[in-house]
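Asks: Here it is, the structure in full.
The values are calculated or read from the model by the stated rules, or taken from the named source; none is laboratory data. Since the model is a prediction, treat every value here as computed from it, not as a measurement. No Cβ is skipped: glycine too gets one built from the backbone with ideal geometry, and neighbour counts run over all protein chains shown.
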Amino acid sequence: MLYQIFALTVKELKVLLRDREALILLFAMPLFFIFVMSWALQGVYEAGTKERPIKIALVNNDRGRRAAAVILDLDGMEGLHLIDSAEGRPLTIEKVQADLKKGLFPAALHFQENFSEAVGNTAPDSSGKEAPAILLADPGVNRQLLRSIQDTVQGVIRYHVLTARLGPMPQAPGLKGSYAGHAWLEVRLVSDFEHQRKPTATEQHIPAYTIFGVYFIVLTLASGLLREKHEGTFRRILTAPMTKSTLLVGKLIPYYIINLVQIGLMFLVGWVFYGVKLGNPVALSLVSLALAASANGLGLLVSAVGRTEAQVNGLSVLLAVTLGALGGMMVPSFIMPDGLRLLSRVTPHAWALAGYHDVMIRGRSILEILPECGVLAGFAVLFFAVALWRFRFD
Amino acid sequence: MESAAISIRNLSKEYPGTHAVRGIDLEVFQGEFFGLLGPNGAGKTTTISILTGLTEPTSGSVLINGRSITSSPIEVKSALGFVPQEFAFYHALSAMDNLRFFGRLYGLKGPRLEARIRDALEIASLKDKARKVVGEFSNGMKRRLNIAIGLLHEPRLLILDEPTVGVDAHNRHALYTTLETLNTHGMTVLLTTHRMEEAQRLCHRVAIMDQGRIITTDTPAALIRRYGEGLVRAEFRAPVGKSLEERMKSLESVQALEGRDRQWTLTTLEPEKTVRALMALKETADVGVRSLNILEPNLESVFIHLTGRRIENRTQI
């Protein structure tokens, strides 16, 4: 029995070792993950540290001096870096809102004109007045991160409120404390929705999970084509009176439909079970159509490049997971290191995620999401073009 | 003169490191049953691939029913049926679903499609198995379905690549009958095979192919008459001495003599004449003959004569 096991093992290893490309993929995959994920997650673990402070835009319109004191304390903190100017000019609230939309900052702090007055006012009056400090944020920002920024800023403001109201206390040097009970800091999300709303974690994550899942069509499509070639049905179909492009279109359409059903189902589940708001349905559909096209294009490309089942499987999984990681499915792109963030823009995943977030949590219009759809369509065209160039029909 | 169903002129196909087809000329007439014989690696499958549009030739021309396969592939393929050597259908689907799919590829639809499916199932003797998943079929049934798919659209020309590989004798003869019937009704058939008896039974003419070249083309009977060598195997009752050996060698119809002790093989174009001459020898009567086996000249011996080699024999089930 042992000898037979030995014979089977040797045979299996010989077969595997003959497929060099598959072996490269098998070993390259975990190595890739180590490099990519370590690089990407660097941002997560180091975000908010001295080495990688979180950059927050700052607009100080305070008439008094208390905002400046708060800013001094915040700036002195490891892990936060306040930026109050761009190209030599102080930031304005309009510029900051535009930069937030572009994803240049995760958040911005705006001290209103009455900040010093509100902080020093001993008669707290919270009847309907706007908070004296506003924390503006992109709706797509990770909620835990936003929470931690909010808590940090709020803590410093409360301390300054305490010292402002109690006055100097030389008998208690280094006094720590806070003055709560009033909304000194308001969090406001920058979106185009008519009514301010905070996206849920599910609304932030469902698009990412959907995109991740869609790209697994690459494996199904590529291995299906390969199986047809190996079983001879592909060859037989080619002897029928039709063009090669007819054959490919007929092969791809079912996978495209499956992708769209996948996307529809994911969002349906999100809507029914988690109350996810889907935004403009036409805009959502446009992003979905372009996303599915790019996934199918990549599937055809893998089928053109992979010659064996092991190669196709390895390449499909490697691409699905690596592109997903690079594209911000697992780690928000804004906390990635700069180089990696740039690289993420070369993935269709990043553009699809931006498109979905724009529709679902930023309330962007159809016109505003067309650039993302255009890029996704461009990826589809590129994948198809290379695939057709490399595809072997015989 | 009959018009050509297939006309091949100076056809060549090269792959990196190998010359699969080397400048062949071939003509198959309308209504003919034509065989392309040769061992594995002779270039038969490559030639078929070019005829069916699966691969492009390196040089030369191929006309099918007067049309070029390279410049008019759609028109050519519409009238062409192909039965590949491997089982090329979907094992997860039923026979009917397979036939429906392939029929639609040829533009069949509606009642005509359903009628053709019924006819194809009838020809393949699979009527009662139409809804069964093909993965559960026996090899013989799969082979018949494979052929039925090629016949769905009533092609003018049917090309079969080793259609009886792995088929038992009973099913093989059933397939031969089917193909003969189709040919009788006007279908041109081109068959590649390495089975000599298949070519001899079915083909009006055969071309013998080896190492990318066509060595000769003619009717099986003419080829056998010209090149075929029969064998007479004799087992004597006692060891054959020098004088009988010399007498056997000198018989007019004997081309070669092999053997030792009691077992001898005489190569001849005229086995019956050789046997009569052998039995008439005094030395034969002295020694006595225990048994005689005659192997008539056939295409196998034609091939051996022309190439000096045997065609490989595949295991017959």
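Asks: Could we say that residue A:376 is in a helix (DSSP H, G or I) and under 18 Å from residue A:249 (Cβ atoms) here?
Replies: Taking the combined requirement at face value, the residue does not satisfy it.
Asks: Evaluate the following for residue B:86: is it facing another protein chain (nearest Cβ under 10 Å), surrounded by fewer than 21 Cβ atoms within 10 Å (Cβ to Cβ), farther than 19 Å from residue B:3 by Cα and out of contact with any Asp or Glu (no Cβ under 6 Å at 6 or more places or on another chain)?
Replies: Judged against the criteria, residue B:86 is a match.
Asks: Could you tell me which of the residues A:315, A:367, A:342 is assigned to a helix (DSSP H, G or I), under 14 Å from the mean Cα position of the chain (by Cα) and either more than 14 Å from every other protein chain (Cβ to nearest Cβ) or among the aromatic types (Phe, Trp, Tyr) (or both)?
Replies: Going through A:315, A:367, A:342 in turn, just one is assigned to a helix (DSSP H, G or I), under 14 Å from the mean Cα position of the chain (by Cα) and either more than 14 Å from every other protein chain (Cβ to nearest Cβ) or among the aromatic types (Phe, Trp, Tyr) (or both): A:342.
Asks: Could you tell me whether any residue of the stretch A:250-273 is within 14 Å of chain B (Cβ to nearest Cβ) and crowded, with 16+ Cβ neighbours inside 10 Å?
Replies: Within the stretch A:250-273, one or more residues are within 14 Å of chain B (Cβ to nearest Cβ) and crowded, with 16+ Cβ neighbours inside 10 Å.
Asks: Considering every residue within the stretch B:137-151, establish whether at least one is in a loop (DSSP other than H, G, I, E, B) and away from every other protein chain (no Cβ under 14 Å).
Replies: Yes, the stretch B:137-151 contains at least one residue that is in a loop (DSSP other than H, G, I, E, B) and away from every other protein chain (no Cβ under 14 Å).
Asks: Counting only residues that are acidic (Asp, Glu) and closer than 20 Å to residue B:199 by Cβ, which one in the stretch B:3-60 is surrounded by the fewest Cβ atoms within 10 Å (Cβ to Cβ)?
Replies: B:25
Asks: Assuming residue B:164 fulfils every condition listed in (1) crowded, with 16+ Cβ neighbours inside 10 Å; (2) within 15 Å of the chain's Cα centre (by Cα); (3) farther than 22 Å from residue B:40 by Cβ apart from one, which condition is it?
Replies: Only one criterion in (1) crowded, with 16+ Cβ neighbours inside 10 Å; (2) within 15 Å of the chain's Cα centre (by Cα); (3) farther than 22 Å from residue B:40 by Cβ is unmet by residue B:164, namely (3).
Asks: If you don't mind, another one. Counting only residues that are on the phi < 0 side of the Ramachandran plot and of a type in the set (A, V, I, L, M, F, W, C), give me the strands (runs of 3 or more DSSP E) lying completely in the stretch B:167-250 with at least 3 of them.
Replies: Result: B:188-193, B:205-210, B:230-236.
Asks: Which condition number does residue B:154 fail, the rest of (1) of a type in the set (Asp, Glu); (2) closer than 16 Å to residue B:31 by Cβ; (3) not in a loop (DSSP other than H, G, I, E, B) being met?
Replies: That leaves (3) as the condition not met.
Asks: Among the residues of the stretch B:1-48, which ones are out of contact with any strand residue (DSSP E or B) (no Cβ under 8 Å at 6 or more places or on another chain) and under 18 Å from residue B:188 (Cα atoms)?
Replies: Across the stretch B:1-48, the qualifying residue is only B:1.
Asks: Continuing with this model, one more query. Quick check on the stretch A:303-312. Is at least one of its residues without any contact (Cβ under 8 Å) to a residue 12 or more places away in the chain, surrounded by fewer than 20 Cβ atoms within 10 Å (Cβ to Cβ) and part of a helix (DSSP H, G or I)?
Replies: The answer is no; no qualifying residue exists.
Asks: Of the residues A:56, A:71, which single one is outside any strand (DSSP E or B) and either buried (at least 18 other Cβ atoms within 10 Å of the Cβ) or basic (Lys, Arg) (or both)?
Replies: A:71
Asks: Right, here's the next one. Just to check your reading of the model, which residue among B:272, B:258, B:283, B:252 is touching a helix residue (DSSP H, G or I) at 6+ places or on another chain (Cβ under 8 Å) and exposed (fewer than 15 other Cβ atoms within 10 Å of the Cβ)?
Replies: Going through B:272, B:258, B:283, B:252 in turn, just one is touching a helix residue (DSSP H, G or I) at 6+ places or on another chain (Cβ under 8 Å) and exposed (fewer than 15 other Cβ atoms within 10 Å of the Cβ): B:252.
Asks: Report yes if residue B:228 is free of Cβ contacts under 8 Å to residues at least 24 places away in the same chain and either under 30 Å from residue B:167 (Cβ atoms) or under 23 Å from the mean Cα position of the chain (by Cα) (or both), otherwise no.
Replies: So residue B:228 does not fit the description; no.
Asks: Here is a list: B:99, B:63, B:80, B:93. Which entry is at negative phi, in contact (Cβ under 8 Å) with a residue 24 or more places away in the chain and either surrounded by fewer than 17 Cβ atoms within 10 Å (Cβ to Cβ) or β-branched (Val, Ile, Thr) (or both)?
Replies: B:93
Asks: Tell me which of these residue B:79 doesn't satisfy, since it passes every other one: (1) under 29 Å from residue B:9 (Cβ atoms); (2) away from chain A (no Cβ under 11 Å); (3) among the small types (Gly, Ala, Ser).
Replies: Just one mismatch for residue B:79, condition (2).
Asks: May I pose another question? Among the residues of the stretch B:102-121, how many are surrounded by 15 or more Cβ atoms within 10 Å (Cβ to Cβ) and facing chain A (nearest Cβ under 8 Å)?
Replies: So the count comes out to 3.
Each row is one residue, and each column tells you yes or no for (1) modelled with pLDDT of 85 or more; (2) more than 16 Å from residue A:116 (Cβ to Cβ); (3) surrounded by fewer than 18 Cβ atoms within 10 Å (Cβ to Cβ); (4) in contact with a Ser or Thr (Cβ under 8 Å, 6 or more places away or on another chain).
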site: A:136; (1), (2), (3), (4): yes, yes, no, no
site: A:139; (1), (2), (3), (4): no, yes, no, yes
site: A:143; (1), (2), (3), (4): no, yes, yes, no
site: A:147; (1), (2), (3), (4): yes, yes, yes, no
site: A:155; (1), (2), (3), (4): yes, yes, yes, yes
site: A:167; (1), (2), (3), (4): no, no, yes, no
site: A:170; (1), (2), (3), (4): no, yes, yes, no
site: A:174; (1), (2), (3), (4): no, yes, yes, no
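Asks: Take the residues in the stretch B:47-59 that are within 12 Å of residue B:20 (Cβ to Cβ) and free of Cβ contacts under 8 Å to residues at least 60 places away in the same chain; name whichever of them is nearest to the other protein chains (Cβ to nearest Cβ).
Replies: So the residue we want is B:55.
Asks: Scan the stretch A:198-243 for residues that are within 14 Å of chain B (Cβ to nearest Cβ), under 36 Å from the mean Cα position of the chain (by Cα) and in a loop (DSSP other than H, G, I, E, B) and jot them down.
Replies: None - no residue of the stretch A:198-243 is within 14 Å of chain B (Cβ to nearest Cβ), under 36 Å from the mean Cα position of the chain (by Cα) and in a loop (DSSP other than H, G, I, E, B), so the list stays empty.
Asks: Okay, next question. Of the numbered conditions (1) hydroxyl-bearing (Ser, Thr, Tyr); (2) touching a Lys or Arg at 6+ places or on another chain (Cβ under 9 Å); (3) without any contact (Cβ under 8 Å) to a residue 40 or more places away in the chain, residue B:177 fails exactly one; give the number of that condition.
Replies: Of everything listed in (1) hydroxyl-bearing (Ser, Thr, Tyr); (2) touching a Lys or Arg at 6+ places or on another chain (Cβ under 9 Å); (3) without any contact (Cβ under 8 Å) to a residue 40 or more places away in the chain, residue B:177 misses just condition (2).
Asks: Here is a list: B:68, B:3, B:94. Which entry is away from chain A (no Cβ under 14 Å), more than 21 Å from the chain's Cα centre (by Cα), of a type in the set (Ser, Thr, Tyr) and within 29 Å of residue B:111 (Cβ to Cβ)?
Replies: Of the residues listed, the single one that is away from chain A (no Cβ under 14 Å), more than 21 Å from the chain's Cα centre (by Cα), of a type in the set (Ser, Thr, Tyr) and within 29 Å of residue B:111 (Cβ to Cβ) is B:94.
Asks: Here's another thing I want to ask about it. Within the stretch A:353-382, restricting attention to residues that are modelled with pLDDT of 95 or more and either of a type in the set (Lys, Arg) or in contact with a Leu (Cβ under 7 Å, 6 or more places away or on another chain) (or both), which residue is surrounded by the most Cβ atoms within 10 Å (Cβ to Cβ)?
Replies: Of everything passing the filter in the stretch A:353-382, A:376 is surrounded by the most Cβ atoms within 10 Å (Cβ to Cβ).
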